[in-house]
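Below you'll find the structure I mean.
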Amino acid sequence: MATRRCVLKCGSKANFFHLPKEEHLKTKWLQFTIPQKYSPSLVLCSRHFEDDCFLNAIKLGFASRLILKEGSVPSVFASASSSVSQPMDGPMRVLVTGGSGLVGRAIERVVKEGERREGEEWIFLSSKDANLVSAEETRSVFQKHRPTHVIHLAAMVGGLYRNMRQNLDFWRDNVHINDNVLYMSQEFGVVKVVSCLSTCVFPDKTTYPIDETMMHNGAPHESNYGYAYAKRMIDVHNRACFQQYGLRYTAVIPTNIFGPHDNYNIEDCHVMPGLVHKTYLAKKEGKPLEVWGSGRALRQFIYSVDLARLFVWVLREYDEVEPIIASVGEEDELTIKDAVDAVVEGFGFKGEVIYDTSKSDGQIKKTASNAKLRKYLPDFKFTPFKAAVKETCDWLTANYDIIRK
Amino acid sequence: MRVLVTGGSGLVGRAIERVVKEGEGREGEEWIFLSSKDANLMSAEETRSVFQKHRPTHVIHLAAMVGGLFRNMRQNLDFWRNNVFINDNVLQTAHEFGVVKVVSCLSTCIFPDKTTYPIDETMIHNGPPHESNFGYAYAKRMIDVHNRACCQQYGRRYTAVIPTNVFGPHDNFNIEDGHVLPGLIHKTYMAKKEGKALQVWGSGRPLRQFIYSLDLARLFLWVLRDYDEVEPIILSVGEEDELSIKDAVNAVVEGMEFKGDVIYDTSKADGQFKKTASNAKLRKYLPDFKFTPFKAAMKETCDWFEANYDIARK
């Protein structure tokens, strides 16, 4: 007898049900199966029926034969209890897009230093390997590597001024990159994709602390709405993909990341790499360190190496489609001045530190809650801030010539 | 002006075609109405070809992947992706070909699910849309994001309109999939033909603002020619002209000259009781615009449906 398949292409191996004979009921089943092709012998598997449609009360996953009550109508489009993806042959093959960036390099390091498991293959891509804005090039790279998992970090990013001037490019290029990676992943049967969002895409007008449920509750900040909406749409894509196909693609939302291999361009970069670079130059040139703002603004910082460990955990164990904030807790919020002091100590800088209070502080507080992370990993230890900053300063000093600046 | 109208064979496209033909078109203007037969706008290459062929100076962008409640609920990914492709292709190609103005079509159904009323043009992005069609809703919202970003980066003044409930000839009259008025018209036609009662779902009490496709078409032309903002504009009758579903049923019954029983099946959901949109912005620009009286518009639509039953989309 030919192997039967659920008409919704589930991959179930048992518990199939034929179309009912009664016309009215049959019509309802067929409505449910649209747009799949009609065949009089099509079958639906048990995943698409609510539990109370079965005569035998307990729904067991494998061998038990379930008996469907007469008059039952399917109503569950995608299985909520298990991933509707191809069975995996062998260990993970993980493709990391944006592999040469701040987070990508950190993941490469933690994988090398112990996180890799027997037989796993980790491939780190950069823009040299493929232009992910192009669907064809993305397809080629998936064809070449045939990953089972993807960590998707690649994006068009930029500092405040570039964002403000090019919102259209930031919107379009990132939507294309994200759609290409997420869609090819689906086409190539990738079991799981973990993408990277950011607390900067959250609503501009909001209450604090922000949490994972609040991302779409209002418009993002004017300065980078193109980038922000493109990132938010990763979450929309993930939810729609789950609803239509049962795939559990998800995303991580870090706060302020810092570490080696960052973008240290003083015009363009974020606050920590900017401080690190400026202090290096101040020390080298025997000048004072000029810090913009009063130093009173509060931020949550996460070391790239800690974030990398969390990315690997999310890839392996985090089963939700809703994203997860990856950050130290509210109790570990630091002022910019705390950060300055740590960088000064990290370099052993002895010169003057001047706070230019004519420059804007930006937001005073943008506290994110890490309650969800703590629910899953109550004992996760973040690298102590000063030690992480010291490592970053040492790395910059040793690699100054090759840093992105 | 050489105007390209995507989605030209649909409810709104056909209405624009008619008003252009019946006097709204101007000397020397060229109007080209595209349908999916002419190009698959989900493909960047096919979109480019159609722009190369026609070289429009203006675009009215109505084409979209649309569907009823059930199809949306099941295929949110397809509704999201396909509409983002269509919209990105049309808007980006228009920009590359130096199109002076694009007017796209949004909908009040993409607004935030949790909101205060009446809704206005500033509120589109203030919260998530309804769960049932979030793919479609976000794709439409992103037209506004694209327009704003394109203005900010290149100075283009592409914009969009936001109609409320549109009705008229050439609609999708499929009872399962169609919207409330075409559904009612088709059901009344069938009830009349089969000598049965007309069954209306719900209590008939919810309120809606309806806009006749021909009135919408005239307003589209005004937006194309004279509305200069990038922020979209709601096109609707005012709050004072909100009608109950029962009012609509009565107008359809009168329009079809239906003499049978009308039964309200109150076991079926009413949907939202009120989803009032403000047309204050429209009234600021066009205080004297006259909408076709509802009963007359309904009669025209019913007459069209009866005369064209065989070719109507259903």
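The values are calculated or read from the model by the stated rules, or taken from the named source; none is laboratory data. None of these values were measured; they are calculated from a predicted model. No Cβ is skipped: glycine too gets one built from the backbone with ideal geometry, and neighbour counts run over all protein chains shown. Just so you know, the surface numbers come from the protein's heavy atoms only, side chains and all, with ligands and any DNA or RNA stripped out. Shrake-Rupley method; radii C 1.70, N 1.55, O 1.52, S 1.80 Å.
When the residues of the stretch B:260-285 are narrowed to those that are at pLDDT below 95 and among the basic types (Lys, Arg), which ends up farthest from the chain's Cα centre (by Cα)?
B:Lys268
Moving on. With respect to A:His221, is the statement that it is open to solvent by 10 Å² or more (accessible area, probe 1.4 Å), farther than 30 Å from A:Leu8 by Cα and more than 14 Å from every other protein chain (Cβ to nearest Cβ) true? Can you show your working first?
Values: open to solvent by 10 Å² or more (accessible area, probe 1.4 Å): yes; farther than 30 Å from A:Leu8 by Cα: yes; more than 14 Å from every other protein chain (Cβ to nearest Cβ): no.
Taking the combined requirement at face value, the residue does not satisfy it.
Within the stretch B:74-86, can one find any residue that is open to solvent by 40 Å² or more (accessible area, probe 1.4 Å), basic (Lys, Arg), assigned to a helix (DSSP H, G or I) and modelled with pLDDT of 95 or more?
Among the residues of the stretch B:74-86, not one is open to solvent by 40 Å² or more (accessible area, probe 1.4 Å), basic (Lys, Arg), assigned to a helix (DSSP H, G or I) and modelled with pLDDT of 95 or more, which makes the answer no.
Among the residues of the stretch B:224-236, is there at least one that is β-branched (Val, Ile, Thr), assigned to a loop (DSSP other than H, G, I, E, B) and surrounded by fewer than 21 Cβ atoms within 10 Å (Cβ to Cβ)?
In the first step, residues of the stretch B:224-236 are kept if they are β-branched (Val, Ile, Thr); the result is B:230, B:233-234.
If we keep only those that are assigned to a loop (DSSP other than H, G, I, E, B) as well, we get B:230.
Next, from what is left, pick out any that are surrounded by fewer than 21 Cβ atoms within 10 Å (Cβ to Cβ): B:230.
The answer is yes; a qualifying residue exists.
For the stretch A:13-53, which residues satisfy the criterion of being under 18 Å from A:Tyr245 (Cβ atoms) and assigned to a loop (DSSP other than H, G, I, E, B)?
If the condition is that a residue be under 18 Å from A:Tyr245 (Cβ atoms) and assigned to a loop (DSSP other than H, G, I, E, B), then A:Ile34, A:Pro35, A:Gln36, A:Lys37 are the ones that fit.
Working only within the stretch B:112-124, note down all residues that are open to solvent by 20 Å² or more (accessible area, probe 1.4 Å) and assigned to a loop (DSSP other than H, G, I, E, B).
Answer for the stretch B:112-124, where residues must be open to solvent by 20 Å² or more (accessible area, probe 1.4 Å) and assigned to a loop (DSSP other than H, G, I, E, B): B:Asp113, B:Lys114, B:Thr115, B:Thr116, B:Tyr117, B:Pro118, B:Asp120.
Filter the stretch B:254-270 down to residues that are under 25 Å from B:Leu69 (Cα atoms) and of a type outside the set (Lys, Arg) and give me whichever is least open to solvent (accessible area, probe 1.4 Å). Before the answer, list the steps.
Taking the stretch B:254-270 first, the residues under 25 Å from B:Leu69 (Cα atoms) are B:262-270.
Now drop any that are not of a type outside the set (Lys, Arg), which leaves B:262-267, B:269-270.
Working: B:Val262: 57, B:Ile263: 78, B:Tyr264: 60, B:Asp265: 36, B:Thr266: 103, B:Ser267: 98, B:Ala269: 88, B:Asp270: 58 Å².
Looking at the filtered set, the residue picked out is B:Asp265.
Within the stretch B:52-98, which residues are under 24 Å from A:Thr27 (Cα atoms) and among the acidic types (Asp, Glu)?
The one that is under 24 Å from A:Thr27 (Cα atoms) and among the acidic types (Asp, Glu): B:Asp78.
Restricting the stretch B:125-135 to residues that are in contact with a helix residue (DSSP H, G or I) (Cβ under 8 Å, 6 or more places away or on another chain) and outside any loop (DSSP other than H, G, I, E, B), which is nearest to the other protein chains (Cβ to nearest Cβ)? Steps first, please.
Taking the stretch B:125-135 as the starting set, the residues that turn out to be in contact with a helix residue (DSSP H, G or I) (Cβ under 8 Å, 6 or more places away or on another chain) are B:125, B:128-130, B:132-135.
Checking which are outside any loop (DSSP other than H, G, I, E, B) leaves us with B:132-135.
Values: B:Ser132: 11, B:Asn133: 11, B:Phe134: 7, B:Gly135: 5 Å.
By that ranking, first place goes to B:Gly135.
Could you look through the stretch A:377-405, keep only residues that are open to solvent by less than 70 Å² (accessible area, probe 1.4 Å) and not in a helix (DSSP H, G or I), and pick out the one that is modelled with the lowest pLDDT?
The first filter runs over the stretch A:377-405 and keeps only residues open to solvent by less than 70 Å² (accessible area, probe 1.4 Å), leaving A:377, A:380, A:382-383, A:385, A:387-389, A:392-393, A:395-396, A:399-400, A:403.
Applying the additional criterion that residues be not in a helix (DSSP H, G or I) yields A:377, A:380, A:382-383, A:403.
On the way: A:Leu377: 97, A:Phe380: 97, A:Phe382: 98, A:Thr383: 97, A:Ile403: 91.
So the residue we want is A:Ile403.
Follow-up. Return a yes/no flag: does the stretch A:279-291 have any residue that is among the aliphatic types (A, V, I, L, M), free of Cβ contacts under 8 Å to residues at least 60 places away in the same chain and either surrounded by 22 or more Cβ atoms within 10 Å (Cβ to Cβ) or under 24 Å from A:Gly159 (Cβ atoms) (or both). It would help to see each step written out before you state the result.
Narrowing the stretch A:279-291 to residues among the aliphatic types (A, V, I, L, M): A:281-282, A:289, A:291.
Those left that are additionally free of Cβ contacts under 8 Å to residues at least 60 places away in the same chain: A:281.
Those still in the list that are either surrounded by 22 or more Cβ atoms within 10 Å (Cβ to Cβ) or under 24 Å from A:Gly159 (Cβ atoms) (or both) too: A:281.
For the stretch A:279-291, residues among the aliphatic types (A, V, I, L, M), free of Cβ contacts under 8 Å to residues at least 60 places away in the same chain and either surrounded by 22 or more Cβ atoms within 10 Å (Cβ to Cβ) or under 24 Å from A:Gly159 (Cβ atoms) (or both): present.
For the stretch B:113-156, which residues satisfy the criterion of being over 21 Å from the mean Cα position of the chain (by Cα) and touching a residue at least 60 places away in the same chain (Cβ under 8 Å)?
Within the stretch B:113-156, B:Arg148, B:Cys151, B:Arg156 qualify.
Looking at this structure, is A:Arg239 open to solvent by 40 Å² or more (accessible area, probe 1.4 Å) and without any contact (Cβ under 8 Å) to a residue 60 or more places away in the chain?
Working: open to solvent by 40 Å² or more (accessible area, probe 1.4 Å): yes; without any contact (Cβ under 8 Å) to a residue 60 or more places away in the chain: no.
No, not satisfied.
Shifting gears a bit: Just give me the residues in the stretch B:136-167 being within 8 Å of another protein chain (Cβ to nearest Cβ) and open to solvent by less than 30 Å² (accessible area, probe 1.4 Å), in sequence order. Let's see the steps before the verdict.
First, the residues of the stretch B:136-167 that are within 8 Å of another protein chain (Cβ to nearest Cβ): B:138, B:142, B:145-146, B:148-150, B:152-154.
Scanning the stretch B:136-167 gives B:Tyr138, B:Met142, B:Val145, B:His146, B:Ala149, B:Cys150.
Among the candidates B:His179, B:His170, single out the residue that is within 29 Å of B:Leu243 (Cβ to Cβ), more than 14 Å from chain A (Cβ to nearest Cβ) and at pLDDT below 95.
Working: B:His170 fails: at pLDDT below 95.
Answer to the check: B:His179.
For the stretch A:357-376, name all the residues that are in contact (Cβ under 8 Å) with a residue 40 or more places away in the chain and open to solvent by 40 Å² or more (accessible area, probe 1.4 Å).
Scanning the stretch A:357-376 gives A:Thr357, A:Lys359, A:Ser360, A:Asp361, A:Gly362, A:Gln363, A:Ile364, A:Lys365, A:Lys366, A:Ala371, A:Arg374, A:Tyr376.
Now a separate question. Report the residue count in the stretch B:87-100 for those that are open to solvent by less than 20 Å² (accessible area, probe 1.4 Å) and more than 14 Å from every other protein chain (Cβ to nearest Cβ).
Final tally of qualifying residues: 1.
Taking the options A:Ile257, A:Ile253, name whichever one is within 30 Å of A:Asp394 (Cα to Cα), more than 10 Å from chain B (Cβ to nearest Cβ) and open to solvent by 20 Å² or more (accessible area, probe 1.4 Å). Walk me through how you get there before you give the answer.
Numbers: A:Ile253 fails: open to solvent by 20 Å² or more (accessible area, probe 1.4 Å).
Exactly one of A:Ile257, A:Ile253 is within 30 Å of A:Asp394 (Cα to Cα), more than 10 Å from chain B (Cβ to nearest Cβ) and open to solvent by 20 Å² or more (accessible area, probe 1.4 Å), namely A:Ile257.
I'm told B:Phe273 meets every condition in (1) in contact (Cβ under 8 Å) with a residue 40 or more places away in the chain; (2) open to solvent by 30 Å² or more (accessible area, probe 1.4 Å); (3) in a helix (DSSP H, G or I); (4) closer than 25 Å to B:Thr115 by Cβ except one. Can you identify the failing condition by its number?
(3)
Return only the number of the condition from (1) part of a loop (DSSP other than H, G, I, E, B); (2) of a type outside the set (Phe, Trp, Tyr); (3) open to solvent by less than 80 Å² (accessible area, probe 1.4 Å) that B:Asp38 does not satisfy.
It fails just one condition, (3).
Do any strands (runs of 3 or more DSSP E) entirely within the stretch A:83-173 hold 1 or more residues that are more than 30 Å from A:Cys6 (Cβ to Cβ) and hydroxyl-bearing (Ser, Thr, Tyr), and if so, which? Even if it seems obvious, please write down each step before you answer.
On the way: elements: A:93-97, A:121-124, A:149-152.
In the stretch A:83-173, A:93-97 are the strands (runs of 3 or more DSSP E) which contain 1 or more residues that are more than 30 Å from A:Cys6 (Cβ to Cβ) and hydroxyl-bearing (Ser, Thr, Tyr).
Still on this structure: Within the stretch A:183-212, which residues are within 18 Å of A:Ile234 (Cα to Cα), among the charged types (D, E, K, R) and in contact with a His (Cβ under 7 Å, 6 or more places away or on another chain)?
Once the filter is applied, which keeps residues that are within 18 Å of A:Ile234 (Cα to Cα), among the charged types (D, E, K, R) and in contact with a His (Cβ under 7 Å, 6 or more places away or on another chain), the stretch A:183-212 yields only A:Lys192.
Same structure, new question: So is B:Arg71 at pLDDT below 95 and within 12 Å of another protein chain (Cβ to nearest Cβ) or not? Before you say what the answer is, go through the steps one by one.
Values: at pLDDT below 95: yes; within 12 Å of another protein chain (Cβ to nearest Cβ): yes.
It is true that B:Arg71 is at pLDDT below 95 and within 12 Å of another protein chain (Cβ to nearest Cβ).
Say we look at the stretch A:199-218 and pick out the residues that are over 18 Å from B:Glu131 (Cα atoms) and facing chain B (nearest Cβ under 10 Å); which of these is nearest to the chain's Cα centre (by Cα)? Full working, then the answer.
Residues of the stretch A:199-218 that are over 18 Å from B:Glu131 (Cα atoms), as a first pass: A:199-211.
Next, only the ones that are facing chain B (nearest Cβ under 10 Å) stay: A:203, A:205.
Values: A:Pro203: 18, A:Lys205: 23 Å.
The residue in question is A:Pro203.
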